[in-house]
Each structure stands twice: as C-alpha cells, then as structure tokens.
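Asks: Pasting a structure below so you can have a look.
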Amino acid sequence: MASLLLPLLLTLATAATSATTGRLVPYDLLYADGVRAYLAREWTQAAELLQRSLHSYAGLREARSACRRACHDEVAFVRGPAAPWDAAFFDRVLQRADCLQHCLGRRLGGPPSAHRVSHAIRRDFEQREPYNYLQVAFFQLKKLDQAVSAAHTFFVANPQHLQMREDIEKYRRMSGVKSDSFRDLEATPLWEAYEAGVQHYNADEYLQAVARLEESLREVLSALEECRALCEGPWEEEEEEKEEKEDMQPGLYEAIAAHYVQVLKCRQQCVLEIATKPGRISATEDFIPSHLDLLQFAYDQVGNQTLAAECAASYLLFYPMDEPMLEKMNQYRTELGEDTAVTARENIQHYVQRSLMEKKLIYYAVEHLGGTFNDPDLWTPDELIPENLKEQHREDQEKQKQETLDVEEREKGPLPFEGIIVTMDSRQMNGTQRVVFDRVLTESECRDLLRLTKAAGGTGDGYRGRRSPHTPHERFEGLTVLKAVQMAQNGDVDWKDAKLLLQASEKSRKIIESYFTPGKKLHFSFTHLVCRTAVEGEQESRMDLSHPVHADNCLLDPEGNECWREPPAYVYRDYSGILYLNDDFQGGGLFFTELDTVTVTAKVYPKCGRLVAFSSGKENPHGVWAVSRGRRCAVALWYTHSQEHAERERVKAEELMEQRAAEQDKPNGQLHQGADHGSRPSPESPVPSDRARPTSRRHKPGSDRTQRPKELRPRDEF
C-alpha cells in the first residue's frame, strides 16, 4: 500500500537526477549501489547514494501523484453525444493513458517503465530501511547530527528493532549530541497536529484544540487524495493466482473489472493507512468521524455554535442514527434558530458519497464475480451490503475487532528483540493469554544447549535420568541454572554453554514480560532445562501422556469444572513458558484443553527456537503427549510478579557468573556483542538489521549480471 510522502525529501528530489540529462535515476538502482558501497566501507559514497535513493523515491511518488491528478482533470470521463458508449469510454481511457505517459515521461526524464521495482524494495522503503544504513555511514563520517536523525527516523517506524533501540541509547549518552537531533525526517504535519489537538482538547484548551484538529483534518483529507492517486498502479497478482491463471487468461471485460476492483479496494484501504501512525500496527478507529466529534464539542465550548452544528451534521453523515449527536443537533438548531440552515461540510459530503459509491461497486463485484472485501469502515450502512454477504460482513467486523484487541495486546509493549515473530496468538489458539513465538534461538544456540543436556545427563539434578514421575515409559533428566554454573566451575561443561542457558531464559523472560505485562516486572520462579527420553521396548500399546493435563498455579478439578488456587499448587506463579530446543523425536507436543481436561483447544509442536508462553491459571490447562521415540529437550520456565517468590538459585548462579566475568577481566565496550565481528564497520559503530538486502533486476552496463549486494550476516542476539 502507498505510504505518506516525506515532505522534507520532496524539496531535495532534484539531487536524485542525473547531472547530465536531468533524468530521475530509479531509486532501486541507487539503493543497491548505496548498499554495495556500504558493504565496501566506502562511507561517503554510501551516504550520498542512499540519500539520493530516498530523494528519488520521493520524487517518483510526487510525480505519479501529480500526473494522475492533472490527467484526471484534463481527461475527465463525461457522457458524450450519440457515439457508442464503449467507443466513447475507451476513447477517454486511451487519452488519459497518453496523458499519464507524457506527463510522467516529462517529469521523470525517461520512460516510466524504468521505475518499476520489486515488492521487496518497495517494502524496504515503506519501512524506512535506507535510514538503517545511513545512520552507520554518517556515524563513520563523524556526522553525528545526521546519524542521530537517520537512526531516529528508522526507529520511529520500527520501534521493535532491538539494535536500533540500543543505538539510540548509545547516541543519547554521547557528548555533543543535542536533543533536537532526534528528529523524524519523514514526519508529516498530520500526526503532530492531531496529537497536539488531542492534548489541547484533554487539557480543556479548546481554542488551541480547534486550530490543531482542523489542521489535522485538512492533512488527513489531503493525504487521502494522494494515497488514492497512487492506487492506480499496475495490476498485481499473488503468486498463487499467477500459477492458477497461466493457462486461463481473462477476457477484456473480466480483466478490466478485476483491475478496477483492485484499485477501488486500494482506495478504500487508504483511510486505514492514513490513520495508522508510523511504527504502529493498528489504525486509529473512525479517524475522520472522530475528528468531527472532537471539533463539534470544542467549537461548542468556545461558543461557536454555527461551526459546532456544521461538524455535528458532518458527523451524522457517517452515523445518522447516533442519538447523542442528534440531540446536540436539536440543541444547535434551537440556539441558532429554526430558520438557520445547517449543512454538513462539502468536502465531507464528497468523501462519504464517493466512498459509498465505491463500496457499492465492490460489493457488487464480490457478490457476482467472486473475491473478498475487508471493509475498513465501521460506519458502512447495513443496507448497502448484499443480503447474502451480510453474515460474512458481520463475521469480518467481529474478526476485525478481535484482531484490533490482539494488536493492542501486542502493542502494549513491543517485543524487545529483533527477528522474533508471533506465530500464533490467543485468538488463533482458541483461548486467552496464550502465544507462540518463533526464532527465539538460532540453530547453533539450540545445539549448544543440547550439548549441555548431554554433558549434564549423568550428573544433573532433577530426576537424574530416572523414570519420569509422570510415566514409566520415559526417562526424565533435569538441570537447573545453578547446577549448570557449578558444573562449569568444575570443568564438566563449557562456561559459554552455562552462560547461554542463563541468557536464553532471560531473553524469554523479557519477551513474555513485554508481551503480556509491559511495565510490570516478571521474576523467575523456576528455570529447568529438561529432557524426556522414550524408553525403548516400552512404547507398544502405550496409552498415557508424557505429562498429564494440569494448570500451573491451581489444582485442576475436571468433574467440578474448576481449578482451586490453593496449596500444594504453586499459587504464586503467574506466567509459564517452554523454550524448545529440538524436534527430532516422535510425539511430545504440547496441547491445551478446556477445564474438563478432554476437549483439546490448541496444539503446539516443538521446534528449535520456539517459545510458547501462557498465563499459569485455570484458563490454560495443558498437557504433553507421549514421547514415543527419541529425546525431547526444552527449557521449562515459570514466572511470578511476587519478588518474595523469585528464584533464589538463579540469583546465586548470576553471582557466580559475574565472578567468572570479573576473573576474566576483559572489558567490552562494544555496542553490539555477537559472534561475527569482522563484518561490522567498527567496534563502536551501530549496525543495521540483516533484513535489508536490496537487489535489482537491472544492472549497470558492463556489470556482472549475476552480482548482487552481499547479504548481511544474521546477528547473534547474545
């Protein structure tokens, strides 16, 4: 989807043009060359090329938007005289295509087709990835002000980026860095005006609120027009659709309809894009109606009932049956006099009428031609939706509400580590306070922890390889963090493996805390590296579980459909987690049930680096299926909000680890620690994420056509 233009860069767009021809150089070529220069440590060239790529990107978007607006006015679709409708229609289509081609060619200084880029490159620019590289280049050039601005610009749109968060903190501690250097180079007036207006409104400063909210509303409507213009791009198919339609190309009218409906859907989604603040996942609900609601109250408070009534009438275009607003309208009519005409704003009338017309066309297409439509608006009139789609629409609305709740749950605290993904949330797991994360550990880290389990298998704590207390068909081995550190002291295991166990469990704690309880400290209750091994020759006709269904802080009573939070249950436990290390065994999957312990609601299959987390109460009864072959290893984790029940063995283990570090006496002043230091610009420099790997299908004349920018190595989180 189209994102907002960066006003600052538009003024510099000429910097991306060729010095000899005035041609706008395609931004993906500049980006690829900039990253090549970055990887070659040619910092001056890298900074110049990356800046030019951003200027080119802004210039291209401005040209496309301006040309589509100009050609829309120049070649309008009006009913002609007696000519056949299709001839008159396509005559206008051809004229507008010609207008666009000439306009873009004139503005870009070359064929518009030269500026088509891949989805991956577009996504990089939408996510502000070039700034990730720029901040390092500027840092190396000792241009701190520009480095800080680039870092902050990237971080605003990527608040979950752990390395950038650390870089920002590093910059704050540097002498010579000013607070006003932390500025968003892509900031638009919209969000600054909106947030200022809401702050004034909440402080009862209604005159200032009116000014800023009016400014914000103007910016919203302007950004919407720009976004809508950029929707008129090429027809885009998913890969699956391409494969399905290889042997079945649509006819003229089917192809036109499909592309036009795609444009309409894109235009409808623009309101969500405009209402989503950079760095956030979810949009501000009812963004335009909420402006009008706030404005009508603010105008009323400052004594301007005329404009208050105008805003109320405009709001009622979205929600005509809203009783509180209807009451306010009656009040305004009484105060202004019945003879005073009160009408909605013309631009809001135009917005609503156009949106309803587009929705009608989309719903017709969905009903008769197939496809789906996720309506972005809560105010869509029920009568506009075809009868056979109303049930689906209601389901979509409920799903959208649930997704918003899930997103809000996630946005309470961004995940504190880069690269981790939420594979399943509570809704997908048919419960509450449940989540599955992937990529918490790398394959090499899993192997190191598995090596620790093998080394400690004969001497570890827990059940020391005896039969499991839960089933005679498995052996159970366990190792606490303190025992692991003590074994490292004795030389039985590698120090770095014992340290990794501490770090992996702490990383899991931070992830779970930031997801479920941001701002509220979670303490370790118990940490256990455990392995369950199937006993050979005793698996035939096995009917039991590896771990029966239970809850972690209460005593499960399936018959009474209750879970009693009382001793001997660990009543102080609040959250639980399992960090898996391997999947080369049979069985051993985790499952959740209802309180009856029989009805399975969700299943989680182990794999290296997968972390399943959930609240420890009766809402999450769970068990483990039998391990029928092989050895299943994981780090079992329990957490508590109660500091008095914090894991004391862990405190001792951390003290021993600190003593070991002091003995080593090797100071480390690097910003990022990791296994691969050779690929970094300098020990003190920030490093961009490894997901920026721009490639291009075009190559400069004489270049090796197979050469691509070198991949940045994945980073070791520890």
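Asks: For a quick check of your reading: which strands (runs of 3 or more DSSP E) sit entirely within segment 521-571 and have at least 2 residues that are hydroxyl-bearing (Ser, Thr, Tyr)?
Replies: Working: elements: 523-534, 547-550, 555-557, 562-564.
Here the list reads 523-534.
Conditions (1) part of a strand (DSSP E or B); (2) modelled with pLDDT under 75; (3) assigned by the TED database to the domain that holds Lys170, marked per residue:
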{"site": "Lys618", "(1), (2), (3)": "no, no, no"}
{"site": "Gly623", "(1), (2), (3)": "yes, no, no"}
{"site": "Glu644", "(1), (2), (3)": "no, no, no"}
{"site": "Glu655", "(1), (2), (3)": "no, no, no"}
{"site": "Lys666", "(1), (2), (3)": "no, yes, no"}
{"site": "His672", "(1), (2), (3)": "no, yes, no"}
{"site": "Pro681", "(1), (2), (3)": "no, yes, no"}
{"site": "Ser696", "(1), (2), (3)": "no, yes, no"}
{"site": "Lys700", "(1), (2), (3)": "no, yes, no"}
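Asks: Go through (1) open to solvent by 50 Å² or more (accessible area, probe 1.4 Å); (2) under 26 Å from Leu292 (Cα atoms) for Leu213 and report which single condition fails.
Replies: (1)
Asks: Report, by residue number, each residue of segment 363-382 that is more than 20 Å from Phe287 (Cβ to Cβ) and touching a residue at least 60 places away in the same chain (Cβ under 8 Å). I'd like the intermediate steps shown before the answer.
Replies: At the first step, the residues of segment 363-382 found to be more than 20 Å from Phe287 (Cβ to Cβ) are 363-372, 382.
Across segment 363-382, the qualifying residues are Ala365, Leu369, Gly371.
Asks: Can you tell me which residue is least open to solvent (accessible area, probe 1.4 Å) among those in segment 135-180 that are outside any helix (DSSP H, G or I) and of a type in the set (D, E, K, R)?
Replies: If we filter segment 135-180 for residues that are outside any helix (DSSP H, G or I), which is where we start, we get 141-143, 158-161, 174-178.
Within this subset, residues satisfying the condition of being of a type in the set (D, E, K, R) are 142-143, 178.
Details: Lys142: 171, Lys143: 92, Lys178: 136 Å².
Residue satisfying both the conditions and the ranking: Lys143.
Asks: So, one more: Is segment 428-447 home to any residue that is in a helix (DSSP H, G or I) and either at pLDDT below 90 or polar (S, T, N, Q) (or both)? Full working, then the answer.
Replies: Residues of segment 428-447 that are in a helix (DSSP H, G or I), as a first pass: 443-447.
Applying the additional criterion that residues be either at pLDDT below 90 or polar (S, T, N, Q) (or both) yields 444.
Checked against the condition, which is being in a helix (DSSP H, G or I) and either at pLDDT below 90 or polar (S, T, N, Q) (or both), segment 428-447 yields at least one hit.
Asks: For the subset of segment 71-84 comprising residues that are at pLDDT 65 or above and surrounded by fewer than 15 Cβ atoms within 10 Å (Cβ to Cβ), which member is farthest from Leu230 (Cα to Cα)? Working first, answer last.
Replies: In the first step, residues of segment 71-84 are kept if they are at pLDDT 65 or above; the result is 71-76, 84.
Retained after the next criterion (residues that are surrounded by fewer than 15 Cβ atoms within 10 Å (Cβ to Cβ)): 73-74, 76, 84.
On the way: Asp73: 16, Glu74: 18, Ala76: 18, Pro84: 31 Å.
For segment 71-84, the residue satisfying everything is Pro84.
Asks: Against the definition (over 23 Å from Cys446 (Cβ atoms) and open to solvent by less than 50 Å² (accessible area, probe 1.4 Å)), how does Phe585 come out, yes or no? Quick ask: steps written out before the conclusion?
Replies: On the way: over 23 Å from Cys446 (Cβ atoms): no; open to solvent by less than 50 Å² (accessible area, probe 1.4 Å): yes.
No, not satisfied.
Asks: Of the residues Glu214, Glu205, Glu219, only one is modelled with pLDDT of 85 or more, under 25 Å from Phe125 (Cα atoms) and not assigned by the TED database to the domain that holds Phe155; which? Walk me through it before giving the result.
Replies: On the way: Glu214 fails: under 25 Å from Phe125 (Cα atoms); Glu205 fails: under 25 Å from Phe125 (Cα atoms).
Selected residue: Glu219, the only one of Glu214, Glu205, Glu219 that is modelled with pLDDT of 85 or more, under 25 Å from Phe125 (Cα atoms) and not assigned by the TED database to the domain that holds Phe155.
Asks: Could you list all residues from segment 492-519 that are under 15 Å from Leu441 (Cα atoms), among the hydrophobic types (A, V, I, L, M, F, W, C) and under 20 Å from the mean Cα position of the chain (by Cα)?
Replies: Ile511, Ile512
Asks: When you look at Glu225, is it open to solvent by less than 50 Å² (accessible area, probe 1.4 Å), closer than 27 Å to His115 by Cα and either hydrophobic (A, V, I, L, M, F, W, C) or at pLDDT 85 or above (or both), yes or no? Break it down into steps so the answer makes sense when it comes.
Replies: Details: open to solvent by less than 50 Å² (accessible area, probe 1.4 Å): no; closer than 27 Å to His115 by Cα: yes; either hydrophobic (A, V, I, L, M, F, W, C) or at pLDDT 85 or above (or both): yes.
No; evaluated as a whole, the condition is false for this residue.
The values are calculated or read from the model by the stated rules, or taken from the named source; none is laboratory data. Since we're looking at a predicted model, the values are computed, not measured. When we count neighbours, we look across all protein chains shown, and the Cβ atoms used for this are built from the backbone with ideal geometry, even at glycine. Ligands, DNA and RNA are excluded from the accessible area calculation, which covers all protein heavy atoms including side chains. Shrake-Rupley method; radii C 1.70, N 1.55, O 1.52, S 1.80 Å.
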